[in-house]
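J.: Shown below is the structure under consideration.
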């Protein structure tokens, strides 16, 4: 079994998707293999936790760094 370092993602965490824009998690994430709900532009989307952790959160962090420069 692969051991992965996993940080819990809290509800209302801001994320960013190149297609859907800025969104926020409706539910917390405690496991990389679960599904979670993310609100984009007033529409609830069900996405894989892995996508949030590996794509949407890093996108938001990169975006925040760009804005702070």
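J.: Hey, could you get me the Stokes-Einstein D for the chain, Kirkwood radius over alpha-carbon pairs, 37 °C and 0.692 mPa s, rounded to whole µm² s⁻¹?
T.: Translational diffusion coefficient: 267 µm²/s.
J.: Hey, another quick one. Using only Cα atoms and rounding to the nearest 10 degrees, what angle (0 to 90) does helix 57-67 make with the longest principal axis of the chain?
T.: 30 degrees
J.: Evaluate E = 1/(1 + (r/R0)^6) for residue 27 and residue 67, where r is the Cβ-Cβ distance and R0 equals 30 Å; express this FRET efficiency to the nearest 0.05.
T.: In this case the efficiency is close to 0.70.
Since every read-out is calculated from the coordinates, none of them should be taken as a lab result. What you see is a predicted model; the values in this text were computed from it and never measured. Positions of Cβ are generated from backbone atoms using ideal geometry, with glycine treated the same way; all protein chains shown enter the neighbour counts.
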